[in-house]
Amino acid sequence: MSAAGNETGFNDVGGGPPGDSSWVWAMPATGMSWCECDEGHELNREIIWSISRQLGLESRRELSYAELFELVMEVWRYDEVCSFFRMAVDDAIDRVYGRHARRYPMVSSLDIIGYFSKRWQGCPEFDCDGS
């Protein structure tokens, strides 16, 4: 069995080989828009990379889970998040990277955020107490 968790060696979600998460950017967005200007700006690696530079992250650096999580929050301009947000980030990690790790390569981090952003439906307020 492959690292992707199936016999073919291909990622169950995107169809790319393990380690190749470029398929994320070809996925249709089914979540809410990350941009609130009503002009339909689509999130891409360049935008996330620009935000990561504002946070002082370097291009060849791997990100810890906390740094990755901080970057997702910054992309979405959230000061606080709930458990639903954390679960959605964790799901994006599993689907794009295949597993949780201590550190994530920057390119994988950008793709994880891309997947999260294309799927994030927001917090179901009636179920959320903010924690």
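The values are calculated or read from the model by the stated rules, or taken from the named source; none is laboratory data. Quick caveat: nothing in here was measured; it's all calculated off a predicted structure. Glycine gets a Cβ as well: all are built from the backbone with ideal geometry, and neighbour counts include every protein chain shown.
Tabulated data for the structure shown
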item: All positions within the stretch 47-69 that are modelled with pLDDT of 75 or more and more than 14 Å from the chain's Cα centre (by Cα); result: Ser50, Arg53, Gln54, Leu55, Gly56, Leu57, Arg61, Glu62
item: Positions within the stretch 112-126 being within 15 Å of Val72 (Cα to Cα) and part of a helix (DSSP H, G or I), in sequence order; result: Ile112, Ile113, Gly114, Tyr115, Phe116, Ser117, Lys118, Arg119
item: Within the stretch 1-42, tally of residues that are loosely packed, with under 14 Cβ neighbours inside 10 Å, at pLDDT 50 or above, of a type in the set (Gly, Ala, Ser) and more than 14 Å from Arg119 (Cα to Cα); result: 3
item: Arg99 being farther than 26 Å from Cys37 by Cα and crowded, with 16+ Cβ neighbours inside 10 Å; result: no
